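The structure appears below as structure tokens.
The values are calculated or read from the model by the stated rules, or taken from the named source; none is laboratory data. If you're wondering where the values come from, they're calculated on a predicted model, not measured in any experiment. Reconstructed Cβ throughout: ideal geometry from the backbone, glycine too, with neighbour counts over all protein chains shown.
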Amino acid sequence: MENETILYDDGVHKCIMFSFDDEEQAESYLAVNQFLIIQNNSGILIDPGSQSAFDEMYDAVERHLGVDKLKYVFYSHQDPDVAGSIAEWSVSSPAKIIISGLWSRFMSHYGLMDLDRIMALPDQGAKINFGENYIQFIPAHFLHSPGNFTVYDSRSKIVFSGDIGAAVMPTHNIYKEITDFESHLTLLEAFHKRYMAGNNFTKKWVHNVRKYEVDMIAPQHGAIFKGEDVKKFLDWFETLQCGGDIM
Ligand code: FE
């Protein structure tokens with residue numbers, strides 16, 4: 001399927017990227033990536049997106065895993081393109097909902113009734129076991145949300161980076177993997193300068209991410225960084241002057 005990309009598959013552990021857009025809104029819509037990590041009979045859904053993407057996303061989880069086997073739904077932050085369908089997922093799946101403690105009480109405004117379903121992340125992040133491996137929630141506060149986390153999957157060595165590394169691309173048809181880092185930067189620059197709060201935060205996040213062996217960075221918008229481009233992106237982001245540095 002053209003809106004599904006297998007990022008990692010070793011036969012036991014699998015990471016899939018989805019690109020479900022609202023086609024009717026193609027002109028005004030910001031292209032969004034959703035992610036599913038599966039190991040054996042268990043799954044973690046990452047940033048499943050808005051209500052307009054829910055039906056397709058639900059069908060995809062059902063097809064690859066079974067919604068009843070969804071163990072966690074993780075939200076990097078509170079934005080509508082990330083968490084807009086939180087109420088739908090809470091009703092339709094047994095999953096625990098993972099989001100920064102800063103945002104849990106706001107989720108009722110998206111229609112989430114049962115706040116006990118939320119596993120609120122503390123500011124320093126958390127590590128959870130997943131199958132034979134682990135998932136680390138790495139703090140990414142103020143990049144851009146004040147309560148924001150990125151996810152490191154220890155088995156695939158992918159960082160699911162939310163809005164960090166996000167490229168503003170009108171549709172998914174351009175490319176899914178970066179082939180020319182320098183030209184891709186032109187799609188990142190304006191977004192990161194305006195949405196990211198400042199260099200003290202970008203530097204701290206890069207420092208934390210470098211503690212892990214990272215093969216891929218998968219943002220919520222735009223294309224995937226692989227291999228050498230991971231290093232190039234971290235070097236760029238580490239020294240970026242943005243937000244308060246330039247306002
Ligand atoms: Fe956002």
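Remarks
- Considering the stretch 32-49, the residues that are at pLDDT below 95 and over 13 Å from the mean Cα position of the chain (by Cα) include one that is surrounded by the most Cβ atoms within 10 Å (Cβ to Cβ), namely N40.
- Considering only residues in the stretch 54-79 that are surrounded by 22 or more Cβ atoms within 10 Å (Cβ to Cβ) and within 16 Å of the ligand (Cβ to nearest atom), the one that is farthest from L7 (Cα to Cα) turns out to be Q78.
- Candidate set: the stretch 202-225, residues that are assigned to a helix (DSSP H, G or I) and away from the ligand (no atom under 16 Å from the Cβ); chosen: the one nearest to F181 (Cα to Cα): V206
- Strands (runs of 3 or more DSSP E) within the stretch 96-149 that include 3 or more residues crowded, with 19+ Cβ neighbours inside 10 Å and touching a residue at least 24 places away in the same chain (Cβ under 8 Å): 96-100, 133-139
- For the stretch 127-164, the set of residues classified as within 16 Å of the ligand (Cβ to nearest atom), under 19 Å from A223 (Cβ atoms) and of a type in the set (S, T, Y) consists of T150, S161, listed by residue number.
- Restricting attention to the stretch 5-24 and to residues that are modelled with pLDDT of 95 or more and in a loop (DSSP other than H, G, I, E, B), the residue that is surrounded by the fewest Cβ atoms within 10 Å (Cβ to Cβ) turns out to be G11.
- Single match in F149, F106 (criterion: of a type outside the set (V, I, T) and closer than 13 Å to F74 by Cβ): F149
- Check on A197, over 18 Å from A223 (Cα atoms), in contact (Cβ under 8 Å) with a residue 40 or more places away in the chain and either under 15 Å from the mean Cα position of the chain (by Cα) or within 16 Å of the ligand (Cβ to nearest atom) (or both): yes
- Flag for A167 being within 14 Å of the ligand (Cβ to nearest atom) and within 21 Å of T5 (Cα to Cα): yes
- Among the residues examined, H192 qualifies as touching a helix residue (DSSP H, G or I) at 6+ places or on another chain (Cβ under 9 Å), surrounded by 16 or more Cβ atoms within 10 Å (Cβ to Cβ), free of Cβ contacts under 8 Å to residues at least 60 places away in the same chain and assigned to a helix (DSSP H, G or I).
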